[in-house]
Structures are given as structure tokens and as C-alpha cells.
1. May I ask you to list the residues of region 19-45 whose amide nitrogen lies under 17 Å from a point 7 Å from Cα along the Cα→beta-carbon direction of residue 91?
2. Given charges of +1 on the Cβ of Lys and Arg and -1 on the Cβ of Asp and Glu, with all other atoms neutral, how large is the dipole of the chain about its Cα centre, in debye to the nearest 20?
3. Loop only by DSSP, 13 or fewer other Cβ within 10 Å of the Cβ. Give me the trypsin sites (Lys or Arg not before Pro) in region 1-54 that pass, ordered by residue number.
4. Here are some values of percent of Cα pairs over 20 Å apart: [x] 75; [y] 71; [z] 57. Which one was computed from this structure?
5. Under the definition of Cα pairs under 8 Å and six or more residues apart, what whole-number percent is the relative contact order of the chain?
6. Kyte-Doolittle cut-off 1.6, length cut-off 18 Å along the helix's own axis using Cα: show which whole DSSP H helices in the chain pass.
7. Residue farthest toward the positive end of the dipole of the chain, with Cβ of Lys/Arg at +1 and Asp/Glu at -1: which of 84, 37, 126?
8. Quick check: pseudo-label points 7 Å beyond the Cα along Cα→Cβ at residue 151 and residue 98, how many nm apart are they?
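The values are calculated or read from the model by the stated rules, or taken from the named source; none is laboratory data. This one's a predicted model, so the numbers in the text were calculated from it and none came from an experiment. Note that we place each Cβ from the backbone using ideal geometry, even for glycine, and neighbour counts take in every protein chain shown. Side chains included, ligands, DNA and RNA excluded: accessible areas come from the protein's heavy atoms. Shrake-Rupley method; radii C 1.70, N 1.55, O 1.52, S 1.80 Å.
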Amino acid sequence: MPAPPGEAELWAAAQRGDRAAFTALYHQHAAAVWSQAYRLTVTLPAAEDVLAATFLTAWRRRGDVRLVDGTALPWLLTVASNEARTDWRRTTRHKRLKLRVGPPPDVSDHADTVVASLDDRRRLHQVIAAIAELPTGQREAVALCLVAEVSHADAARALGISEVTLRSRIHRARTRLRTLLPEEVR
């Protein structure tokens, strides 16, 4: 296959760092290199990766490029073959590692828990604010019986009132809290 006219001159310019010359060489050989890469990798993304790696290697090693019959295509195809083998080895190692390690653990999304916790805190602050608005006797009865879960008998003794009075205060407090608290907090 005869070399397109001027390829040797383009490589010489590319070796001196001429990006336009290298771009012209890329356009001249990209299709052939991509075809070789696709035949070796059999996937479009892998072939594109091999094509990019081949020309990156060509740019980095442009001083080492050997022209055969005035063209660098054989050298580029050899680099593409090496890049395809490297890609295959990398993929194979990755697959073996995944088999050894196993599937990733299921991790639940904690966003719902965080939102629920924030909602609970908001509701708690609303309840505390509403309890603070109760008269002292009702507030003490609610604090002991509803919040601290002390028995009615023990709470009545602690407050120095009868159990009937305690129950009455709790009933009036609940009625008042229903008016102070929004529906979703009750």
C-alpha cells in the first residue's frame, strides 16, 4: 500500500511538535486504527478507548514512530493491538476481582430516616412549646404522667393532690393541647 503523499513530512513536522500535522495524520489513519481496535475488542466503547490510547501513545512517542514504506500505519496498528491487549487484560482482571470480592453490599438510603428524624424533632419542639403554654398544674401533671410515664397514683402523691384531681388536670391539658397543636402533631 503506497503512502499518501507527504506523510513522511507530516510525521517529521509532528515530531517537532506541530499539532496541525499530527491532526492531519490522525484524520488520515483514525478509521483504519478504529477498525483494527473494533476487531480486537468487539465493543464500540473499548474500540474508541483503544483509538484514543493509540494516538496518545503516538503523540507521546512521536520520535519513535517508524515508517514502513513511507507510512506509519503498521506502527499505529501494532500500538492499537498492544492497547487492545492491555484493555483485555485490564477487563479480565477486573472481572476476576469482582468474582472474588462478590457483589457489593446492599446499602439502604438513609435519607428517609434523616427526614423522619427531623420531622420528629420538629413535632417534639411543637409539643414542648404547647405544653409550656399550659397552666402550671396541668403542665406538671402532663410532665409526670404523659412525658415521664409516672403512674397516676405516684404522680398524685408527688404533687400532693388527689388522683381524681390529677386525672382532671390531665384531661383538661389534653383538651387544651388539641387546640394548640396542629392535626399532624397530635
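1. Label zone hits: 34-45.
2. For this selection, approximately 480 debye.
3. Taking region 1-54 and a limit of 13 other Cβ atoms within 10 Å, the loop trypsin sites (Lys or Arg not before Pro) found are 16.
4. [y]
5. Relative contact order for the chain comes out at 15 percent.
6. none
7. 126
8. For residue 151 paired with residue 98, the spin-label model returns 6.3 nm.
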